[in-house]
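The block underneath contains the structure these notes are about, expressed in structure tokens.
The values are calculated or read from the model by the stated rules, or taken from the named source; none is laboratory data. Bear in mind the structure is a predicted one, so any value in this text is a computation, not a measurement. FYI the Cβ positions are ideal-geometry reconstructions off the backbone, even for glycines, and counts take in every protein chain you see.
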Amino acid sequence: MIDEIQALMDAYVAWLRDKTTLRSVGQVVEITTPYLDRHNDYLQIYAKRSNGRFLLTDDGYILDDLRLSGCKLDSKKRQHLLRMTLNGFGVEQEGDALTVTASPQNFALRKHNLIQAMLAVNDMFYLAAPVVGSLFLEDVTAWLELNEVRYVPSVKFTGKSQYDHVFDFAIPKSKRESERLVRAINRPSRETAEVLCFAWFDTREVRPPDSQAYALLNDSEQTVAPAILAALESSDVHAVLWSQRDSVLPKLAA
């Protein structure tokens, strides 16, 4: 089993390396990643030298795109969720730009954190247009609290690869159930499934052997493709449609 998981992780890292391209733009290097945004465009970040280190930024793309799509982030609640998400990845906000500073030694890790933060923010607020009453993460939090599920919010673990991975909720071990790590996915897609699968592959190596992972998938506004469910389940992630959330409540509340 360990050899199989290691092979999958090696394949993921190789795919990430082979599908990443670089282009010089003046004094800045444009890095095109294989991750897709909600427009099916490849996410891009920019790197430039700054006082012997590297400044990595999305140049305001994520927040600008959300705002242009009708998603305003000016309420205290949404600002709090945004800060909490960025803090989990160690990412700063400068104006509309999401930024990190990296050294040559931790460049790969900091680049990884910035990309994960971009995906997380984009996913969190994607359906938060005025016609949507609340954010999916808020709905999941309210559901857990209504059912008295004990949890720790926004927990970060450093995986075997030394990359950091953030889970929205960690439910501690009880007499009946092992540790449960939960991620709420607002916009289920192949990319968000792949990111979670890699996070779980990497994290499970440093967690108790009986730990479990759950993905709560928002199917309120869109149908979740069977291939996404199959990909998560094949990676030992319990995939749960939001419309069927009560089916796993006994496991999470135990």
What's the number of the condition THR101 fails, among (1) at pLDDT 90 or above; (2) within 20 Å of SER189 (Cβ to Cβ); (3) β-branched (Val, Ile, Thr)?
(2)
Going by the conditions given, is ASP236 free of Cβ contacts under 8 Å to residues at least 40 places away in the same chain and over 16 Å from VAL149 (Cβ atoms)?
yes
Considering only residues of region 218-249 that are part of a helix (DSSP H, G or I) and surrounded by 13 or more Cβ atoms within 10 Å (Cβ to Cβ), which is farthest from the chain's Cα centre (by Cα)?
LEU249
Residues of region 91-111 being more than 16 Å from GLY159 (Cα to Cα) and either in a loop (DSSP other than H, G, I, E, B) or of a type in the set (S, T, N, Q) (or both), which ones?
VAL91, GLN93, GLY95, ASP96, THR99, THR101, SER103, PRO104, GLN105
Checking the condition part of a helix (DSSP H, G or I), under 30 Å from ASP41 (Cβ atoms) and of a type outside the set (Ser, Thr, Tyr), which residue from LEU196, LEU252 passes?
LEU196
First in region 182-194 and in the same structural domain as PHE167 (by TED's automatic domain parsing) and free of Cβ contacts under 8 Å to residues at least 40 places away in the same chain, second anywhere and of a type in the set (A, V, I, L, M) and buried (at least 18 other Cβ atoms within 10 Å of the Cβ), Cβ under 7 Å, 6 or more apart:
ARG183/LEU196; ARG183/ALA215; ALA193/ILE228; ALA193/LEU232
Test LEU229 against the stated conditions and say whether it is under 20 Å from MET9 (Cα atoms) and among the hydrophobic types (A, V, I, L, M, F, W, C).
yes
Quick check: anything in region 93-103 exposed (fewer than 13 other Cβ atoms within 10 Å of the Cβ), touching a residue at least 24 places away in the same chain (Cβ under 8 Å) and either closer than 22 Å to ARG17 by Cβ or β-branched (Val, Ile, Thr) (or both)?
yes
Any chance you could count how many residues in region 201-241 are in contact with a helix residue (DSSP H, G or I) (Cβ under 9 Å, 6 or more places away or on another chain) and within 21 Å of GLU179 (Cα to Cα)?
20
Residue in region 107-115 that is touching a Lys or Arg at 6+ places or on another chain (Cβ under 8 Å) and not aromatic (Phe, Trp, Tyr) present
no
